[in-house]
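The values are calculated or read from the model by the stated rules, or taken from the named source; none is laboratory data. If you're wondering where the values come from, they're calculated on a predicted model, not measured in any experiment. Cβ placement follows ideal geometry from the backbone for every residue including glycine, while neighbour counts extend to all protein chains displayed.
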Amino acid sequence: MTEPILTHDQVASYIEDGYLLVSGLIPCDVVQRAEAAMWRCMGLDRNDPGSWSERTADHGHYEDAELTAVYTDKLLTAAWQLSEGGLEREDFRPPKGGFAINSFPTDSAWAPHGPHIDHSIKEHGHESFPAAFRVATMTFLNDVEPHGGGTVVWPGSHRKIAALARSNPDYYRPMWVLGGELDKADIGECVEIVPQGGDVLFYHVFCAHSGSLNATDYPRLAMNMKW
Ligand SMILES: [Fe+2]
């Protein structure tokens with residue numbers, strides 16, 4: 001039997017809010033090697049801002065064992081715990097590569113990009129029912145200051161968006177239709193996540209969230225993975 005990683009309170013918080021930040025889930029040495037690997041994969045020198053000052057973002061897919069090492073048994077077990085049943089622990093496997101969502105500094109004032117739900121790009125053809133994925137993760141590879149490009153989330157939005165979808169299942173079956181009408185779900189105010197390297201943000205398929213501008217002077221490095 002698999003030993004749970006998350007407490008009942010953590011699971012309850014995820015169910016209530018639609019997201020959960022788990023601090024320090026990835027061991028320090030593993031995340032430090034992953035951060036170094038990310039710089040290597042991007043072909044940039046973290047100590048030479050001239051090598052990355054013109055960049056705004058990096059969304060590379062990198063097959064590197066030191067990147068995928070962050071997908072530890074503990075992370076996979078936590079994802080399984082939050083996946084609302086229907087899958088076995090063994091169904092949660094580490095990916096072959098890391099999907100980077102790296103945000104570089106900008107001179108613009110800090111602001112979120114605006115709420116969205118994942119898998120709602122029309123051309124990708126995902127459907128709202130059954131859910132396009134069970135749980136998503138953002139794994140942060142370095143410390144993020146306030147307004148440093150942390151993910152922004154709308155607490156409880158997953159329940160409101162699910163209710164909107166259920167109000168007209170045939171109409172909202174295409175994820176892109178649902179994702180295009182979040183203004184009808186009254187999702188309220190957002191919260192800026194300020195993570196440390198090694199923290200993992202888990203979020204629900206219907207959790208409204210957003211990237212945000214990085215108004216600090218150092219890149220934010222993270223990877224996204226869904227099951
Ligand atoms: Fe997203």
List the pairs whose first member sits in the stretch 116-134 and is under 20 Å from SER167 (Cβ atoms), whose second member is at pLDDT 95 or above and more than 15 Å from the ligand (Cβ to nearest atom), and whose Cβ atoms are under 7 Å apart, counting only residues at least 6 apart or on separate chains?
GLU127/ARG173; GLU127/PRO174; SER128/ALA165; SER128/TYR172; SER128/ARG173; PHE129/PRO169; PHE129/ARG173
Any hit, the stretch 53-66, residues being among the charged types (D, E, K, R), touching a strand residue (DSSP E or B) at 6+ places or on another chain (Cβ under 7 Å) and crowded, with 17+ Cβ neighbours inside 10 Å:
yes
If we ask which residues in the stretch 153-164 are crowded, with 23+ Cβ neighbours inside 10 Å, more than 14 Å from the chain's Cα centre (by Cα) and touching a residue at least 60 places away in the same chain (Cβ under 8 Å), their number turns out to be 2
Enumeration of residues in the stretch 1-43 that are of a type in the set (A, V, I, L, M) and part of a helix (DSSP H, G or I):
VAL11, ALA12, ILE15, VAL30, VAL31, ALA34, ALA36, ALA37, MET38, MET42
If you go through the stretch 194-212 one residue at a time, do you hit one that is of a type in the set (S, T, N, Q), surrounded by 19 or more Cβ atoms within 10 Å (Cβ to Cβ), in contact (Cβ under 8 Å) with a residue 24 or more places away in the chain and part of a strand (DSSP E or B)?
yes
Considering only residues of the stretch 104-152 that are away from the ligand (no atom under 15 Å from the Cβ) and β-branched (Val, Ile, Thr), which is farthest from the chain's Cα centre (by Cα)?
THR106
